[in-house]
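This report concerns only the one structure given below.
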Amino acid sequence: MKSSGRANASYKGQNVTEDQVQHEATFVEAYMTWLLKWRWLVLLSTFTLVILPSLTLARLQFTSDYRVYFGPQNPQLETFEAFERIYATTDALIIAIQPKTGSVFTRDVLSVVEDLTEAAWSIPHSVRVDSLTNFQNTRADGDDLFVGDLVANAQILSAGELEEIEAIALNELLLVDRLISPDGRTTGILVNLRFPGEDHIEHTTQSVEAARRLTEEFQNRHEDLTFVMTGMPVLSEALMDISVQELSRQTPIMALILTLVMLLLMRSWSATLATNIVVILSALGAMSFAAIIGIRLTPVSAVAPIIIVTIAVADCVHIVMSMIDQMQDGKTKRQALVESMRLNVQPVLLTSVTTIIGFISLNFSDSPPFHDLGNITVIGVIVAWALAMTLLPIVLDLLPLRVAKGRPTDHRLMIRLSDFVIIHRTLILGLTASATITFIAFASTNELDDHFIHWFDEDVPARADTDFVLENLTGAYQMEFSFDAPGPELIADPAYLADLDRFTLWLRAQPEVVNVYSFSDVMKRLNKSLNGDDPAAYRLPEARDQAAQYLLLYEMSLPYGLDLSSQINVA
């Protein structure tokens, strides 16, 4: 009678003796005797410890807030939060509008932009709405400064007024490639959002869904126009939706494929069912742990169940296939189960321990979602190992399992393969080492690409809308810089403004930059307006008192919600 495990095996010159094998067999037999004697108590305890905590899964939440990728002490996050404390919030979405034909500088299109601009103020958590129509245009009449919407009552504008508006808009640095395309074919409405507290999951959803309903409403009313919406809140919401869909859809598909593969390999419904029970409970146990300690799933940590399922299947397959081998050699089911456990206790434990060490090392990452991925997976691996050592043997013992005697063809093929590998081990080792060195050499050619937009496939609506805005209106990424004035109330100091303007001009000269929105441009425009709209006066004020007066006059003329708090610290 053959056996898949040999009594005398040599490993690195050390022999495994009959006494050692007998000692292991005695220990495993004693453990299995105890386990099967108290199997109903073990079953009850196992299901209680795993099933009851799973009731907390309803508390499990997803988040796609980009802030969660930074630890609380991360210097970049601290800088960002300090930036937001000084200036207005940077969470914003943009609604782009493009007529099917012609430019946006028509009564009908500008009227739609007016209406949508007004309606956008109703989006939850909106604190500022900027568009072509409510752009605060400045002009002077003698010593008086007039500040008002660039477009008002679009439906009654004359042809001459439309041409004047177009000329102003297409020559305004603060508008072109930001809220109007250089060709005048596309315009946008920028909605700034400010969310209360630190938990932005619910608030982001509220704002994005309201903005989407508003956009769809206008699209249905104006079929001759194209409306698309993008922005960080939109992309974050889309990422969360995709993560939830993939977790709820791909995990069952993966489980089904694994079930079919196990049926094909093990040729036993009972063995497949026992494995699936362990796999499902392992994933449930890990996700219950996440819910209990308050982990919020992210696109990174959401892949943990798939990893756990893979590891749990591997644990179970080792035990089940060894048991089937023993039964094919003529042992009874109970004898085969005990022998299989003896053969696999150490390998399964070693595999689990090394896997735990690997995933727990993710806690050294600077990004909290990777901590969550590692910790959830570690719990899943521990649960999978514990269930493989307790629940799996009990279920295999309870379920009927019939195996044909004798080795099937695929076993003979594997034996031939193993013999070939052993005979040609030197050649195979050399080829493997050469291939490994070659692949390692190419590892340096890998490039890091963490463009947030590239996380989405091109057929995802949020990606398609973002690509539309990139191609027709403005850029999707923003960099913001804060420049401290040399002292209190010196924001209007000519030297400070000159430094700011030089940096602004340098930014505009960079090939990747689409638009620069700078406070120095506001001051130039004010100086021009207060000098009879003379183009030659489009420069910074030369005197500090003069610049301060311009700024005060301008601030007093701005309507609610359109002040300069996004550009200067008014505290």
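Under a model in which nothing but the beta-carbon of Lys, Arg (+1) and Asp, Glu (-1) is charged, the range 448-543 shows a dipole of about 580 debye around its Cα centre.
Computed from Cα positions, the angle between helix 269-292 and the longest principal axis of the chain comes to roughly 40 degrees.
What dipole magnitude, in Debye to the nearest 20, does the chain give about its Cα centre under +1 on Lys/Arg Cβ and -1 on Asp/Glu Cβ? The calculation lands at about 4780 debye. Does anyone have the angle between helix 75-86 and the longest principal axis of the chain? Alpha-carbon axes, 0 to 90°, nearest 10? On a 0 to 90 degree scale, this one is about 30.
Cα extents for the range 200-338 along the principal axes, largest to smallest and rounded to whole angstrom: 77, 37, 17. For the pair Glu81 and Asp534, what calculated FRET efficiency results from E = 1/(1 + (r/R0)^6), where r is the Cβ-Cβ distance and R0 = 51 Å, to the nearest 0.05? So, using R0 = 51 Å, E works out to roughly 0.75.
Pairs of Cα atoms nearer than 8 Å and 6+ residues apart set the relative contact order; for the chain it is 20 percent.
Given R0 = 30 Å, the distance between the Cβ atoms of Lys37 and Thr354 translates into a calculated FRET efficiency of 0.40. What a 1.4 Å probe finds exposed on the range 380-526 is 63% carbon and sulfur by accessible area, rounded to a whole percent. Reducing the range 57-82 and the range 200-243 to their Cα centroids gives an inter-centroid distance of 22 Å. Hey, what angle do you get for helix 159-170 against the long axis of the chain, alpha-carbon based, 0 to 90 degrees rounded to 10? On a 0 to 90 degree scale, this one is about 50. Summing Lys and Arg as +1 and Asp and Glu as -1 over all other residues whose Cβ lies under 14 Å from the Cβ of Gln219 gives a net charge of -2.
Counting residues in the range 33-145 as N, plug N into 2.2 N^0.38 Å and put the Cα Rg over that result.
Normalised Rg, Cα atoms only: 2.17.
Met327 contributes an accessible area of around 20 Å² to the protein surface, as traced by a 1.4 Å probe with all chains present.
Any idea what the relative contact order of the range 151-245 is, in percent, if you count C-alpha pairs under 8 Å spaced at least 6 apart? Could you put the intermediate results ahead of the total?
Details: 36 pairs, mean separation 13.0, N = 95.
Reported relative contact order: 14 percent.
The equivalent ellipsoid of the range 135-220 has semi-axes of 32, 18, 13 Å, largest first, where each one is the square root of 5 times an eigenvalue of the Cα gyration tensor. To put it simply, the accessible area of the range 32-95 at a 1.4 Å probe is 68 percent carbon and sulfur.
Summary of the geometry: the range 316-343 and the range 503-549, compared by the centres of their Cα atoms, lie 82 Å apart. Once all protein chains are placed together, His125 keeps about 50 Å² accessible to a 1.4 angstrom probe.
Taking Cβ atoms as reference points and 10 Å as the exclusive limit, the residues near Asn192 contribute a net charge of 0, counting Lys and Arg as +1 and Asp and Glu as -1. Averaging over all projection directions, the Cα-based convex hull of the range 237-307 occupies 5.0 nm² in the image plane. Computed per residue of the chain from DSSP H runs no shorter than four, each worth -39500 (n - 2.57), the mean residue ellipticity at 222 nm is -19000 deg cm²/dmol.
If you only keep lysine pairs separated by 8 or more in sequence, or across chains, how many in the chain come under 18 Å at the Cα atoms? Close lysine pairs found across the chain: 6. Against the criterion of solvent-accessible heavy-atom surface with a 1.4 angstrom probe, Val151, Val176 sort, most first, into Val176, Val151. Report note on the peptides 477-490, 360-373: ranked by the mean count of other C-beta atoms within 10 Å, highest first, their order is 360-373, 477-490. Per-residue surface analysis assigns Thr377 an accessible area of about 0 Å², computed on protein heavy atoms at 1.4 Å probe radius.
The largest-to-smallest principal axis extents of the Cα set in the chain are 110, 49, 42 Å. For the chain, the solvent-accessible area works out to 54 Å² per residue, with a probe of 1.4 Å and every protein chain left in place.
If one computes P(r) from the Cα atoms of the range 420-559, what percent of pairs lie at distances over 25 Å? Before the final figure, lay out each step's value.
Numbers: 5680 of 9730 pairs.
It works out to 58 percent of all Cα pairs.
Counting only other residues whose beta carbon sits under 13 Å from that of Asp484, what net charge do I get with K and R as +1, D and E as -1? Mind dumping the intermediate values first?
Details: positive: none; negative: Glu489, Asp493, Asp499.
It works out to a net charge of -3.
When both the range 117-149 and the range 382-461 are represented by their alpha-carbon centers, they are found 62 Å apart. Relative contact order of the range 343-397: 34 percent, from C-alpha pairs under 8 Å at least 6 residues apart in sequence. Ordered from largest to smallest accessible area (heavy atoms of protein chains, 1.4 Å probe), the residues Ile382, Ile97 come out as Ile382, Ile97. Is the range 481-550 best put as rounded, prolate or oblate by its Cα gyration tensor, with a ≥ b ≥ c the root eigenvalues, rounded for a/c under 1.5, and otherwise prolate when a/b is larger than b/c, oblate when not? Oblate shape, in that a/c is at least 1.5 and b/c is the bigger or equal ratio.
Give a quick list of GluC sites (Glu not before Pro) in the range 138-210 that DSSP marks as loop, anything other than H, G, I, E or B, with at most 14 other Cβ atoms within 10 Å. Kindly include the intermediate steps, with their values, before the conclusion.
Numbers: sites: Glu161, Glu163, Glu164, Glu166, Glu172, Glu198, Glu202, Glu209; in loops: Glu172, Glu198.
For GluC sites (Glu not before Pro) across the range 138-210 that sit outside H, G, I, E and B with at most 14 neighbouring Cβ atoms in 10 Å, the list reads Glu198.
Trypsin sites (Lys or Arg not before Pro), restricted to the range 514-570: which are DSSP loop and have at most 14 other Cβ atoms within 10 Å?
Numbers: sites: Lys524, Arg525, Lys528, Arg539, Arg544; in loops: Arg539.
Here the sparse-neighbourhood loop sites are Arg539.
Measuring nothing but protein heavy atoms, the accessible surface of the range 180-304 at 1.4 Å probe radius is 61 percent carbon and sulfur.
Note on surface exposure: Thr33, Thr390, Thr215 rank Thr33, Thr390, Thr215 by accessible area, highest first, 1.4 Å probe.
The values are calculated or read from the model by the stated rules, or taken from the named source; none is laboratory data. Keep in mind the model is a prediction, meaning the values are calculated, not measured. Heads up, the Cβs are rebuilt from the backbone with ideal geometry, glycines too, and the neighbour counts pull from every protein chain shown. Note: accessible area is taken over every heavy atom of the protein model, side chains too, but ligands, DNA and RNA are not part of it. Shrake-Rupley method; radii C 1.70, N 1.55, O 1.52, S 1.80 Å.
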